[in-house]
Amino acid sequence: MTSKKNGALALALSLAVLGGIAAPGTARADHQIDQPFTGTRPFQLEFHGGLAWYGFGFAGGARFGIPLLQNGFIPSLDNAVYLNFGVDAYFVDEPGCRVRGGGVCTYDGYGFAMGFPVALHWEFYFNDMWSAFAEIGFQVFLPPSLFRGYGADYTNHIGQWVIAAVGGSLHLGDVVALTLRVGNPYISFGITLNLG
């Protein structure tokens, strides 16, 4: 009987804490697009997952955002500039082939890959609940062939490309936001945590 009461109490406490974190910030007015921000921006930690365009497959990972400009490139608006960097794990269909003895091309299909993105992230805060962003940067990509242990006979090698995306966030409070990103190299959905 006591364990049931303790379980119910723990569940009630957990729901109360989550409700406090996720409560919409409608009562506050910290952010308005036409009012420059005067405070300090928090660090951001984002976890995301989605679809990769390169070799159509899964992409998921984490990014860490460091505020570079507390009020961004347009001083009259509520905007901020972050430097984002992180790590992505991929499960993608690798194009190309591995050349074996006699010049025969063997296709190996889907495999694990990794990416290391670095991006300039420019975010506009319309109000306490909604923001939108654009970002541009680069990514170093380690293809599936690298993890399969293929040698120099493989056609795919470590690559890098420009990444660019647009997206938006629904802020569920001061700490948690739901974030959608559409661009290169993937479309993703995730959770962003404001730290500090």
For Gln44, the net charge from surrounding residues (Cβ-Cβ under 10 Å; K, R +1; D, E -1) works out to 0
Separation between the Phe43 and Met114 pseudo-spin-labels, each 7 Å from Cα along Cα→Cβ, expressed in nm?
2.1 nm
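Computed from the coordinates by the stated procedures, all read-outs in this text should not be read as laboratory data. Treat the numbers as computed from the prediction; the structure is a model and nothing was measured. Neighbour counts run over all protein chains shown; Cβ positions are idealised from the backbone, glycine included.
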